[in-house]
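Structure record follows, encoded as structure tokens.
The values are calculated or read from the model by the stated rules, or taken from the named source; none is laboratory data. Source: prediction; values computed, not measured. Here the Cβ positions follow ideal geometry from the backbone for every residue, glycine too, while neighbour counts run over all protein chains shown.
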Amino acid sequence: MQSSLKNSLLPVFLSILNGIALAQLPEFTIDVPDGATTHGFGYRSAIDGDYAVVSDPNQEIDGQDHRGAAYVYKRNGSSWELEQKLTVPNSDLNQYMYFAWSVDIDGNSIVVGVWCGATGGGSENNLEGAAFVFVRDGTTWSQQGRLVQTNPQMTSGSSSSNKNGFGESVAISGDYVIMGARVDDGNGTSPNNKDRQGAAVIFVRSGTTWSEQQEIFA
């Protein structure tokens, strides 16, 4: 479900599947929303059924650079209409956090990755990132969970570079979310204790509560 549009200046092109051939046919073009101060709209996008989510991790909000936002669109006939703009909750506001560095959608749930910022779960620097899960009720998307890595192993270096890449990639399916931490240093136990070896973290939903289930190493 997840796709990537690397050129942040291009509009987002949505496509429909054409029978079993799965040929992509241009259907509708989504431009940068009116009034958005942006230079990254369309950095990531994902689609499921009649809903699509488009990221803009560089968007300036309230005078703060790179706060980021995600836009939810719903298909209405042959048109796609903006349903809601998602931003980081007020309790986690931080400049240069790159909210919506990654996005995915499955049914009535959207997961939004945050690459950097004072949002993580570790005690070393709190720069390791996080993810937010939003769920739909009618036409409203509300935050349901905030996902952080329980035991992040940060890459060495200055405080500004103490990040493990957690939040750079996300995917959701049903009650499960998986997030990548591409330069995580492992869990400290051999053989999973190599510098920048990377990790993936799985979270599971029980009711409305999300919890970390397992870390996966190569």
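Listed values, structure above:
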{"item": "Pair list, Cβ < 6 Å and 6+ apart or interchain, from segment 160-176 residues that are modelled with pLDDT under 80 and surrounded by fewer than 24 Cβ atoms within 10 Å (Cβ to Cβ) to residues that are in a strand (DSSP E or B) and small (Gly, Ala, Ser)", "result": "Gly165/Ala181"}
{"item": "Hits in segment 36-57 (condition: closer than 15 Å to Gln84 by Cβ and at pLDDT below 70)", "result": "Ala36"}
{"item": "Gly120 being over 16 Å from Val53 (Cα atoms), modelled with pLDDT under 95 and of a type in the set (Gly, Ala, Ser)", "result": "yes"}
{"item": "Unmet requirement for Asp137, which otherwise passes all of (1) surrounded by fewer than 17 Cβ atoms within 10 Å (Cβ to Cβ); (2) modelled with pLDDT under 75; (3) acidic (Asp, Glu)", "result": "(2)"}
{"item": "Residue tally, condition within 13 Å of Ile110 (Cβ to Cβ) and either modelled with pLDDT under 95 or surrounded by fewer than 20 Cβ atoms within 10 Å (Cβ to Cβ) (or both), over segment 72-85", "result": "4"}
{"item": "Single unsatisfied condition, Ile105 versus (1) modelled with pLDDT of 80 or more; (2) within 16 Å of Gly129 (Cβ to Cβ)", "result": "(2)"}
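So that you can scan it fast, the table gives a plain yes or no per residue for (1) of a type outside the set (Lys, Arg); (2) at pLDDT 80 or above; (3) farther than 19 Å from Phe99 by Cα:
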{"site": "Pro191", "(1), (2), (3)": "yes, no, yes"}
{"site": "Lys194", "(1), (2), (3)": "no, no, yes"}
{"site": "Ala199", "(1), (2), (3)": "yes, no, yes"}
{"site": "Arg205", "(1), (2), (3)": "no, yes, yes"}
{"site": "Ser211", "(1), (2), (3)": "yes, yes, yes"}
{"site": "Glu215", "(1), (2), (3)": "yes, yes, yes"}
{"site": "Ala218", "(1), (2), (3)": "yes, no, yes"}
